[in-house]
Amino acid sequence: MAEAVVPEVFGQLALGHYLILSAFLFAIGLAGFVTRRNMIVMFLCTELMFQAAVIALAAFGRFHLDLSGQVMVIFVLTIAAAEAALALGLVVLLFKRQPTLDAEVWSEMRDV
Amino acid sequence: MIGSHLLSVLLAAGDTAHASDHGHHSAHFPVALPTEGLGYAGLVLALPLIAMILNGVYAISGVRSKLPAWTTVACLGTAFAVVLNLYLKADIEHPVVVPLFEWINLSWGTGAISAPFGLYLDSLTLLWMLFVTGLGTLIALYASEYMESDVGPAYCRFFGGVSIFLLAMGCLVMGDNLLTLYLGWEGVGFASYMLIGYHFTKPSAVAAAKKAFIVNRIGDLGLALGIYLTWLHFGTLEYSKLFEMLQADGAMAAAQQAMAGGWEVAIIPFLLMAGAFGKSAQLPFYIWLPDAMEGPTPVSALIHAATMVTAGVYLLVRTFPMLELHPAAAPTVAWVGGATALLAATIGMAQYDIKRVMAYSTVSQLGYMFMGVGVLSTFGAAAHVFTHAFFKAVLFLTCGAIMHGFAGQLDLRVLRGLRHVKGWRIVVWTMFYASLCLAGFPIISSGYWSKDVILAEAFANGRPILGGIGLLTAGLTAYYTFRVWFRVCCGPKPDDHDLAKMMGDDHHGDDHHDEGHGEEDHHHHMPHAPKWAVNLVLSVISLAAIGSILLVPEHGWLEHMVAKSSGAGGVGANHHDLPADAGFWADPHGWMKYVASTVGLLGMAVAAWLHLFNRSAADRLRATLLASPLKAVVRAMENKWYVDELYNALIRMPLKIKGHALHMLDRYVLDILVVDGLGRLPKMIGRTLSPLQNGVLQSYAASMAGGVILIALLILVLPMLLDLLGGAA
């Protein structure tokens, strides 16, 4: 079995780098979710936040040489796929009721 | 039927009077033994209970006839017959305990309390129950006519109340332990409250009922504590066991018990006394009794003159051996009784409402009874209770008949000449005889015999000042009693016009007691004479009053009855030790007959002079007195020595002020600051945070993220801060 060739640059990467990437991704997702009103963009932002978490999990799994981190990644990806179907379905239903993607329209459930 | 019972009482009394082997005066008396076969004594309690339940049923089913009255009379009459049968059957030389059922039986760790529901049948119980059930029956019969205009639910309520009273009084008198006594004690208090407040739409009646109940509570607290301490020290509440312990060595044992127990034991007689003073309207609690006259007159006669108010005397006679637990106990009773007798008599002299005069006279006579107990003459006390029950019932019932006939008129300045009015003969003459008894007219009046025993005993017991007070009170009593009789029954013959003017106005007179008059009577402007029930009852009780003369004299039936009970320590007297050649003045029992008669006759003579022969002289005398330096005394007497006002200022006002202050505290501090403040807190939090729920998805996300950040900071920063602080320390 030939050793897997790992590019040089990866050898120089430490856990911290992955975690910083994860944090940046999460921050971008959160900022997008909070600032944008388009429901599809907001949904994409949630996906970004998921991926941030997934990167962190994979990095930790590798760092501790423990496969459960990567198992978790697969779980999250599966659930995210299911959740994407559900969420997009919801967006379609909402769009059928009011022909807009603006989340602002759906603000009836609030304190008087 | 009732008459024949009375006759047999008298005959039985005659027999026992001669058979009496009375002669020694030790405190020893037979202690009761449990017995079987007298279980039917429970009927004395069951019958009023049945009457009570039936009256309730009548009230619910809307009976509008005199059925409640007849039911009650029948039940009480049967109860009287049972008591009579017990008296004839039971061997009063040997008191017995009749266990009925187990009532209270608790035990824990090291302690136990048991109070079987049993009846203690000795001569004292029977003596009391004879007149309680007898008078109860007769007065219920009287009330059947007296209350007839209330026929309907109120009629049922009235007779229900009378039945409750008889039931409770039965418990009180017949119970074989102090707890049963207490049960009855509170029961009669409730019945009294219920019947004083019979006219519950009338504010004065409601106030009087509350006053009676609350004042009694104060005394009852004493009784409850006394019973508790008794149980604590003696470990039992049953009379038979208590007496056995107490008379193991007579007074010596009691004194030793007291020494061993310390103040908790020495205080027992005083606590019991407080209960007795409350129930029997003695200083300082007597103020409720005159107001209790707001109740219908049969109630005044039965409960507030003849029976319930003697419960205090019964308690002290029953627990007489316990009076020896402190040497000052008996003198205290004597002095309180004497002071009450004099005070109430002076107030009675200056009242114009004849029912109030009788009320104060009751307080005063109860004072005599306590004086009797206090000077260690339980015989005198019990004898006076017995004779007083009859003649005072007659006095109240005649007052009630007058009030009933004259639409609530009770003012002796208005009423006159009843003697000449057709149909009132029985009322006038039974009242005359009862007045003689109250005034202590020599020989032919029962009050003379019983009062003399107490007064003589006061002197014989080395309390001449108390005896003097008693004699003075006797004179005053004779005066105010005949003031009433001469004013109301004598005087110029009233014609129809005068009679119409005498009529009271009982539907809107506050001072006049609104008594059992329905609408139809309000338009009646002429007095109506009593009918058969009232006349019959008055005659029968008067005959009983006459009959009681036979029972009172020394070595008679009454003395025998008391001597065989727990009151034995107070029977007989010091005078039996006198040498045969002692002078006339050496034996108070000898000279008291003459002195007391003289004093009584003197009082009657003054009353006759002022109110019979010279009817305008009384007003002139009052005017003269009011112009003289004695003005203050006369005013004070007319205003009942301002005792109500004094209590008002000393007790009610401070309590009211305190109550209002606490009310303010509650309303403005507790309610507004604490309760409302706490209530407002969640509301305020809600109002502050509710804008967060604005329906905007982004803001929810932002607050979630903010929350996560906060928690993260907390987790990360707090340990560092703590480390820093820890390092600094």
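The values are calculated or read from the model by the stated rules, or taken from the named source; none is laboratory data. Since the structure is predicted, the reported quantities are computational estimates derived from the model, not experimental observations. Cβ placement follows ideal geometry from the backbone for every residue including glycine, while neighbour counts extend to all protein chains displayed. Keep in mind that these areas ignore ligands, DNA and RNA; they rest on the heavy atoms of the full protein, side chains included. Shrake-Rupley method; radii C 1.70, N 1.55, O 1.52, S 1.80 Å.
Dividing the helix sum by the residues of chain B, where each DSSP H run of 4 or more adds -39500 (n - 2.57), gives a mean residue ellipticity at 222 nm of -21500 deg cm²/dmol. Placing unit charges on the Cβ atoms only, positive for Lys and Arg and negative for Asp and Glu, gives the protein assembly as shown a dipole magnitude near 2080 debye about its Cα centre.
Between Rg and the Kirkwood Rh of the range A:15-101, both from Cα atoms, what is the Rg to Rh ratio? It would help to have the intermediate numbers written out before the result.
Values: Rg = 15.3 Å, Rh = 14.0 Å.
When Rh is taken as the Kirkwood radius, the ratio is 1.09.
Loop-located trypsin sites (Lys or Arg not before Pro) in the range B:57-91 (DSSP state not H, G, I, E or B) with no more than 15 neighbouring Cβ atoms inside 10 Å: B:ARG64. With the charge dipole of chain B set up from +1 on Lys and Arg Cβ and -1 on Asp and Glu Cβ about the Cα centre, the Cα lying farthest toward the positive end among the listed residues B:SER144, B:GLY603, B:LEU721 is that of B:GLY603.
Amide H contacts of B:TRP103: B:ALA115, B:PHE117, each under 5 Å away and 5 or more positions distant or on a separate chain (H built 1.01 Å from N in the peptide plane; Pro and chain starts excluded).
So for the protein assembly as shown: antiparallel DSSP bridges make up what percent, rounded to the nearest 5? Walk me through the intermediate numbers first.
Details: 14 of 16 bridges.
Among the beta bridges of the protein assembly as shown, antiparallel pairing accounts for roughly 90 percent.
Taking other residues whose beta carbon is less than 12 angstrom from the beta carbon of B:SER364, and scoring Lys, Arg as +1 and Asp, Glu as -1, yields +2. The angle between the Cα long axis of helix B:67-89 and the main principal axis of chain B comes to about 70°, on a 0 to 90 degree scale. The modelled label-to-label distance for the pair B:LYS89/B:ILE651, using points 7 Å beyond Cα in the direction of Cβ, is 4.5 nm.
Among the protein heavy atoms, those of B:VAL696 account for about 40 Å² of accessible surface (1.4 Å probe, every chain in place).
When chain B is described by a simple charge dipole with +1 on each Lys and Arg Cβ and -1 on each Asp and Glu Cβ, the residue from B:LEU678, B:MET664, B:CYS171 located farthest towards its positive end is B:MET664. For chymotrypsin sites (Phe, Trp or Tyr not before Pro), no site in the range B:421-454 is both called loop by DSSP and has at most 16 other Cβ atoms within 10 Å. Interface of B with A. Using a 1.4 Å probe and counting protein heavy atoms only, the two chains hide about 900 Å² of accessible surface, both sides summed.
Quick one: dipole size for the range B:37-191, taken about the Cα centre, charges +1 on Lys/Arg Cβ and -1 on Asp/Glu Cβ, in debye to the nearest 20.
Working: 4 positive and 9 negative charges, 80 e Å.
The calculation lands at about 380 debye.
The angle between the Cα long axis of helix B:676-689 and the main principal axis of chain B comes to about 20°, on a 0 to 90 degree scale. For the segment B:695-706, counting C-beta atoms of other chains within 10 Å of every residue's C-beta and taking the mean gives 5. Ordering B:ALA618, B:VAL427, B:TYR479 by the projection of their Cα atoms onto the charge dipole of the protein assembly as shown, which places +1 on the Cβ of Lys and Arg and -1 on the Cβ of Asp and Glu, puts B:ALA618 at the extreme positive end. FRET efficiency for the B:GLU638 to B:THR688 pair, using the beta carbon distance and R₀ = 56 Å, is estimated at 0.20. With a 1.4 Å probe rolled over the protein heavy atoms of all chains, the accessible area of B:TRP641, B:TRP288, B:TRP609 falls in the order B:TRP609, B:TRP641, B:TRP288, largest first.
Its relative contact order, with pairs defined as Cα atoms under 8 Å and 6+ residues apart, puts the range A:15-101 at 28 percent. Considering only DSSP beta bridges whose two residues both sit in chain B, what percent are antiparallel, to the nearest 5? Bridges in chain B are about 85 percent antiparallel. In this simple spin-label model, placing a label point 7 Å from the Cα along the Cα-to-Cβ direction at both B:MET704 and B:ILE60 gives a separation of 6.5 nm.
Among the protein heavy atoms, those of B:SER435 account for about 0 Å² of accessible surface (1.4 Å probe, every chain in place). A simple charge model with +1 on the Cβ of Lys and Arg, -1 on the Cβ of Asp and Glu and nothing else charged puts the dipole of the range A:1-109 at about 260 debye relative to its Cα centre.
When the chain is fully extended, how far beyond the present Cα-Cα distance does A:PHE24 get from A:GLU108, taking 0.36 nm per residue of separation?
Values: separation 84, 0.36 × 84 = 30.24 nm, distance 3.30 nm.
Working it through step by step, the gained length comes to 26.9 nm.
Axis of helix B:446-460 versus longest Cα principal axis of chain B: the two differ by about 80°, to the nearest ten degrees. Pairs exceeding 23 Å between alpha-carbon atoms, taken from B:LYS66/B:LYS531; B:LYS451/B:LYS493; B:LYS279/B:LYS355: B:LYS451/B:LYS493.
Can you give the helix-only mean residue ellipticity at 222 nm for chain A, where every DSSP H stretch with n ≥ 4 adds -39500 (n - 2.57) and the sum goes over all residues, rounded to the nearest 500 deg cm²/dmol? Before the final figure, lay out each step's value.
Working: 4 runs with 80 residues, N = 112.
Rounded to the nearest 500, the figure is -24500 deg cm²/dmol.
Summary of packing: across the peptides A:30-43, B:469-482, the per-residue average of other C-beta atoms within 10 Å ranks them, highest first, as B:469-482, A:30-43. Accessible area per residue (1.4 Å probe, heavy atoms of protein chains only) ranks A:GLU108, B:GLU264 as A:GLU108, B:GLU264, with the largest value leading. The string of couplings for the range B:105-116 from the Karplus curve (6.51, -1.76, 1.60, θ = phi - 60°) is 8, 10, 9, 8, x, 9, x, 7, 9, 9, 9, x Hz, one whole number per residue in order, with x for Gly and Pro. Relative to its Kirkwood radius, the Cα radius of gyration of the protein assembly as shown gives an Rg/Rh of 1.33.
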